[in-house]
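The values are calculated or read from the model by the stated rules, or taken from the named source; none is laboratory data. Since this is a predicted model, take the numbers as computed values, not measurements. As a convention, Cβ positions derive from the backbone with ideal geometry for all residues, glycine included, and neighbour counts pool all protein chains shown. Accessible surface is based on the protein model in full, side chains and every heavy atom, while ligands, DNA and RNA are left aside. Shrake-Rupley method; radii C 1.70, N 1.55, O 1.52, S 1.80 Å.
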Amino acid sequence: MQSKVLLIYTGGTIGMNRNPQTKALEPFDFEHLLQNVPELKQFDTQISTYQFNPPIDSSDMSPLLWTQLSHVIADHYDDYDGFVVLHGTDTMAFTASALSYMLENLTKPVIFTGSQLPIGQLRTDGKENLITSIEIAAARHQDGTAMVPEVGIYFNGHLMRGNRTTKQSAEEFNAFESFNYPHLVDAGVNITYHQDRMLKPDFGCGMKPHFRLDNNVIIFSLFPGIREDLIRHIIATPNLRSIVMRTFGSGNAPQSPWLLGALKEGTRSGKVIVNISQCMQGTVEMGRYDTGYQLKEAGVISGYDSTVESAVTKLMFLQSLYDEPDQVRRYMQRSIRGEISV
């Protein structure tokens, strides 16, 4: 039976054209994109399309638009075997992470892709990214279940788990990498599906979509010379529910009494403070050095090997479900969508 894939265009470089006057890249209509990929007609797959109107630059992505995207997938879920989302690269990892939480028990592929060069340019990377993403989204086992039942990002020959991926380059075609989790699919001459790395949803139950997020969260990075008044100001922000704190190495911070005191005050007032390493690779080990242990004593919780994008969107998701900080803390320290290694 022929697979059916819904191609969702949100915007991004892949569908842009160069303005002859300003020379700047601007969103173009979806038909332009399809005209530049005549290979799509060769697929033994039914491809339908849905376009955000107007297309957006991914820098303008927001929780409201994540909810819109979640609605589009939920509304069409029973009609298609897979979904391919064309998205700008700058915030793709945030969107893929958010959708991984919003689409509970996902049993079908939701593959994000895009390009570093517009689809109409001769050296574009968009064609291969788009064509292979559709092939992966359409791939099914003999029993009809999806080969990749999760949210992924496909770029430059690799499919990565969406909530494990971060943008690593603004220049190279290899724009994304999943530093703390191996690739789900490698596409060379053949497409290799690493089934042992995939999530295992309950195919007997339906996907449960979520449409609410609470974005009362902030990210701040520690650095030598960080000012006490600014940190205290952030921690005392009204309505702020959680903080993603980017620390050094394996989760270390200055042992300044004022910093530990401010963090303690924050946790006592109900704020969830999550420790994420500034390193691209590796995990937070708060018992490894005394500096990390002191943070733990102050009530800071480990983000393990989470990406910043995943930690922020997971907090938004959990805060929409739970009012109690302890419940948010509990689930932040569990893997709920394969986002951390615990």
Q: Among residues belonging to the range 92-108 that are among the hydrophobic types (A, V, I, L, M, F, W, C) and either assigned to a helix (DSSP H, G or I) or touching a Cys at 6+ places or on another chain (Cβ under 6 Å) (or both), point out the one that is surrounded by the most Cβ atoms within 10 Å (Cβ to Cβ).
A: 98
Q.
Looking at 67, 91, 124, 107 in this structure, which one is under 21 Å from the mean Cα position of the chain (by Cα), among the hydroxyl-bearing types (Ser, Thr, Tyr) and closer than 29 Å to residue 171 by Cα?
A. 91
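Go through 284, 300, 312, 272 for me and flag whichever is under 23 Å from residue 150 (Cβ atoms) and open to solvent by less than 60 Å² (accessible area, probe 1.4 Å).
Working: 284 fails: under 23 Å from residue 150 (Cβ atoms); 300 fails: under 23 Å from residue 150 (Cβ atoms); 272 fails: under 23 Å from residue 150 (Cβ atoms).
Only one candidate qualifies: 312.
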Q) So is residue 74 at pLDDT 90 or above and over 21 Å from residue 174 (Cα atoms) or not? A) yes
Q. Inside the range 45-73, can you point out the residues that are in contact (Cβ under 8 Å) with a residue 60 or more places away in the chain and hydroxyl-bearing (Ser, Thr, Tyr)?
A. 45, 67, 70
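Residue by residue through the range 126-148, note down the ones that are within 20 Å of residue 47 (Cβ to Cβ) and either assigned to a strand (DSSP E or B) or open to solvent by 10 Å² or more (accessible area, probe 1.4 Å) (or both).
Of the range 126-148, the ones within 20 Å of residue 47 (Cβ to Cβ) are 126-140, 144, 146-148.
Once the filter is applied, which keeps residues that are within 20 Å of residue 47 (Cβ to Cβ) and either assigned to a strand (DSSP E or B) or open to solvent by 10 Å² or more (accessible area, probe 1.4 Å) (or both), the range 126-148 yields 127, 128, 131, 132, 135, 138, 139, 140, 144, 146, 147.
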**Q.** Qualifying residue in the range 178-199 (condition: open to solvent by 10 Å² or more (accessible area, probe 1.4 Å), in contact with a Gly (Cβ under 9 Å, 6 or more places away or on another chain), outside any strand (DSSP E or B) and closer than 23 Å to residue 41 by Cβ)
**A.** no
Q. Among the numbered criteria (1) open to solvent by 30 Å² or more (accessible area, probe 1.4 Å); (2) within 17 Å of the chain's Cα centre (by Cα); (3) farther than 26 Å from residue 225 by Cα, which single criterion is violated by residue 342?
A. (2)
Q) Which condition does residue 260 not pass, out of (1) closer than 23 Å to residue 328 by Cβ; (2) assigned to a loop (DSSP other than H, G, I, E, B); (3) not polar (S, T, N, Q), if it passes all the others? A) (2)
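Given the range 263-342, what helices (runs of 4 or more DSSP H) lie entirely inside it while holding 3 or more residues that are under 23 Å from residue 102 (Cβ atoms)?
Working: elements: 290-297, 308-321, 325-332.
In the range 263-342, the matching helices (runs of 4 or more DSSP H) lie at 308-321, 325-332.
Identify the residue in the range 202-258 that is basic (Lys, Arg) and under 23 Å from residue 292 (Cα atoms) and, among all such residues, is most open to solvent (accessible area, probe 1.4 Å). Break it down into steps so the answer makes sense when it comes.
From the range 202-258, those basic (Lys, Arg) are 208, 212, 227, 232, 241, 246; that's our starting set.
Next, only the ones that are under 23 Å from residue 292 (Cα atoms) stay: 227, 232, 241, 246.
Values: 227: 132, 232: 77, 241: 53, 246: 61 Å².
Looking at the filtered set, the residue picked out is 227.
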Q. Tally time: how many residues in the range 109-125 are open to solvent by less than 20 Å² (accessible area, probe 1.4 Å) and either of a type in the set (A, V, I, L, M, F, W, C) or modelled with pLDDT under 95 (or both)?
A. 8
Q: Return only the number of the condition from (1) surrounded by fewer than 21 Cβ atoms within 10 Å (Cβ to Cβ); (2) touching a residue at least 40 places away in the same chain (Cβ under 8 Å); (3) among the polar types (S, T, N, Q) that residue 89 does not satisfy.
A: (1)
Q: Could you please give the count of residues in the range 149-177 that are under 26 Å from residue 317 (Cβ atoms) and not in a strand (DSSP E or B)?
A: 8
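Looking at the range 137-147, can you tell me whether even one residue there is of a type in the set (Val, Ile, Thr) and more than 27 Å from residue 305 (Cβ to Cβ)? Outline the logic, then answer.
To start, the set of residues in the range 137-147 that are of a type in the set (Val, Ile, Thr) comprises 145.
Among the residues that remain, those that are also more than 27 Å from residue 305 (Cβ to Cβ) are: 145.
There is at least one residue in the range 137-147 that is of a type in the set (Val, Ile, Thr) and more than 27 Å from residue 305 (Cβ to Cβ).
Select, from 44, 60, the only residue that is within 22 Å of the chain's Cα centre (by Cα), at pLDDT 85 or above, loosely packed, with under 15 Cβ neighbours inside 10 Å and of a type outside the set (Gly, Ala, Ser).
Details: 44 fails: within 22 Å of the chain's Cα centre (by Cα).
Of the residues listed, the single one that is within 22 Å of the chain's Cα centre (by Cα), at pLDDT 85 or above, loosely packed, with under 15 Cβ neighbours inside 10 Å and of a type outside the set (Gly, Ala, Ser) is 60.
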Q: Working carefully through the options 247, 267, find the one that is farther than 28 Å from residue 177 by Cα and modelled with pLDDT of 95 or more.
A: 267
